[in-house]
1. Return one whole number: the accessible area per residue of chain A in Å², for a 1.4 Å probe.
2. With +1 on the Cβ of every Lys and Arg and -1 on the Cβ of every Asp and Glu, and nothing else charged, how large is the dipole of segment A:282-432 about its Cα centre, in debye rounded to the nearest 20?
3. List the pairs from A:Lys369/A:Lys610; A:Lys369/A:Lys613; A:Lys369/A:Lys552; A:Lys385/A:Lys430; A:Lys385/A:Lys522; A:Lys262/A:Lys564 whose alpha-carbon separation is above 29 Å, in the order I gave them.
4. Could you pull out every one of the aspartates and glutamates with an alpha carbon less than 12 Å from that of A:Lys154, ignoring same-chain neighbours closer than 8 positions?
5. Using 0.36 nm per residue of separation minus the Cα-Cα distance, give me the extension gain between A:Gln620 and A:Glu273 in nm, one decimal.
6. Express the carbon and sulfur contribution to the solvent-accessible surface of chain A as a percent, rounded to the nearest whole number, probe 1.4 angstrom.
7. Is there a quick way to get the dipole size of chain A? I mean about its Cα centre, with the Cβ of Lys and Arg at +1 and of Asp and Glu at -1; what is the value in debye to the nearest 20?
8. Which of the peptides A:293-303, A:271-281 is most tightly packed, and how do the rest follow, judged by the mean count of other Cβ atoms within 10 Å per residue?
Amino acid sequence: MVASASEPKTRLAPVTAPCAARDGRPCEPGEFCLHCGDMPTLLEIGRTHTCGDLRLSDEGERAVLFGWVNSRRDHGGRIFVDLRDREGMTQVVFGPDVDADAYEAAQALRSEHCIGVCGKILRRVDNDGTPNANPNMATGEIELEVDVFELFSKAETPPFDISKDERLDTHENLRLQYRYLDLRRPSLQRNFILRSRLGTITRAHMSELGFLELETPYMVKYTPGGARNFLVPSRLNPGCFYALAESPQIFKQLFMVSGFDKYFQITRCFRDEDLRNDRQPEFTQIDVELSFATPELVFEAIESLMIRLWKDLLGVEIPTPFRRLTWAQAMARYGSDKPDTRFGLELSDLTALTRGCGFAVFEGAPYVKGLCLPPEHGPGYGRGKIDKLTAFAKKRESGGAKGLAWARVEDGGIWQGGSAKFISAELQTKISAEMGAEPGSLLLFVADDFETTHTVLNAIRLHLRDELGLLAGSGPTPWNFLWVTDFPLFERNRDGNWVSSHHPFTSPRDEHVELLSSDPGKVLARAYDLVLNGNEIGGGSIRIHQADVQAKVFEALGMSEAEKQAKFGFLLDAFKYGPPPHGGIALGVDRLSMLMSEADSLRDVIAFPKTQKGQDLMTQCPTPADEPQLAELFIRHRALPNEAAGQAPDAGET
RNA sequence: GGGGCGGUAGUUAAGUCGGUUAUAACGUCGGCCUGUCACGCCGAAGGUCGCGGGUUCGAGUCCCGUCCGCCCCGCCA
């Protein structure tokens, strides 16, 4: 039987099985029914199950399924179709002996046609009646024998294979151009289902903790500093622009002044900076702020949320409290403020030991640090590999070391090869002991300034992690959560001026307030990052709520009175009216989703992502604005970089 | 702004030292097939080698430029 809304309704032959559309209860006069009323369309009957639902226990029932043709296998006399929806896949089978019309219609089925089917749920058997389940499918023990078929719509041959693609090995530009098809892939659908549940659980959990979900504007006042903003011209205010919010930071602090006490929001943020594998121009944060906050209160709330997310979404119990390192410890031991703590290879500080050692490379550097490759890897790491590693260490993107000193450790901590001839036997033994070296260990050293030494050793450490597969074989992914605390309040920018590491409202540690004027570089902040397996997934701080401390911070930043007023006047005014002590954090939903779904890229957890050039290949966005649009906004565009060359612009710039 | 990798049939890839008609798999189309599930068998069609220029008797291959995608640095919490 072929049902269609556009064709006259016909009666179905009576069936003896209970009617799925009625949950087995008797049919009532006037109701649509497969066996006692007019033939309704399958849409009118409605879907009874998803394609992931049916099991052997449903055998003998009738079901209505809607979905897309994943694949079709025509045996001439029996046509098998794997029907797919977001919940799974079910084999449906057509035969001339079951329903000739449906069988005939199924001949024309092709990949990605959208169809509805109704029929009886049968156990899968061979021709001789022996069970013939497909163990690779959740629904593999059953199939649906179709006696009513409806074609909702045909599909052209898709530009790439959706059906058996769990590897996502199509060129990404094509995937993005046909994103709506790309998103049909089960692997991507899983990511988005997880992401949806992440949002639901977060809302439930934060609400249960007493946090209010409040909204803040996306179109906000432009404030210089920090990330570059996207600008939005204001038609009603000629010549003026909104900025798209890089975060709700200031507004959530104002919520605290307003007395909302505990706030959260799952919100979009916008930053006009260059893209990366884990950075998109618009991204989503779980934004949290609470009054009368201490770091402990923030950690507690977030840890409880993480526990729940991992338990509910992954079935994983993560241990709490999370490990903590100060920024100084993280840098010293791992060379990174977001260390991957799933494996060892910690750094050793050899600066003091090597003072006066006579080896110019070590003596001339403010920092001498190293890491020790243990014996199980050391001997296999030959001269060729060391040379490659040296080249890697020298590359600019690895931090740009001047060189990589090395040595092999023999019995008694004595070295051989590399730097051995430059270091006395006595010192060799001491350094070997300091680094925990054993016979067979390979020692690697970098001697340079603070930044280069740590950047390079961190790069080497992560390189060795991947090269030697240090994470492999340890079973399911260990989830190493880590709080990194006590960041420096300031760092120097390129011009040598102090800028906020976090943002200018971050509170210094109480005992460091005096240093604000005397030695700003030594001031530590009450700021913290949440790190997971080497990824920064959140960051926050306790904020300044005392006017005098805020004034000192602005002063250290070299901000004039007029500048403060112009940039943050409204916030400073607000803080005149009894601001509570407060603090908070923001978590990256995209990165969390990526890590939890073990996706390779942020683009696999963002439905409609931008390319590295910030374009949407599906909609061909952004586009130039036409003259009338610009005129209305009092905007005239300048010559574009490529207009001089006589080429058409590929993107609009104003 | 810089460094690296990639772009060949609808898709994914191969293509040697520059040399005859640019290969394969999957997909598509036609035929056959009642138990497949990456179904199978037979047959066919399908190419602006990203684009532009140059070198050469001859360019997918070499050179220059350019566009697009990805990874990274700078930038960015």
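1. 49 Å²
2. Its charge dipole is roughly 860 debye.
3. Where the Cα-Cα span goes over 29 Å, the pairs concerned are A:Lys369/A:Lys610; A:Lys369/A:Lys613; A:Lys369/A:Lys552; A:Lys385/A:Lys522.
4. Partners found: A:Glu112.
5. Length gained, A:Gln620 through A:Glu273: 123.0 nm.
6. On the way: 16220 of 32110 Å².
That share works out to 51 percent.
7. Magnitude of the dipole: close to 1220 debye.
8. Packing proxy ranking, top to bottom: A:293-303, A:271-281.
The values are calculated or read from the model by the stated rules, or taken from the named source; none is laboratory data. Remember, predicted model here, so these are calculated numbers, not experimental data. Using ideal geometry, Cβ is built from the backbone for each residue, glycine included, and neighbour counts are taken over all protein chains shown. Note: accessible area is taken over every heavy atom of the protein model, side chains too, but ligands, DNA and RNA are not part of it. Shrake-Rupley method; radii C 1.70, N 1.55, O 1.52, S 1.80 Å.
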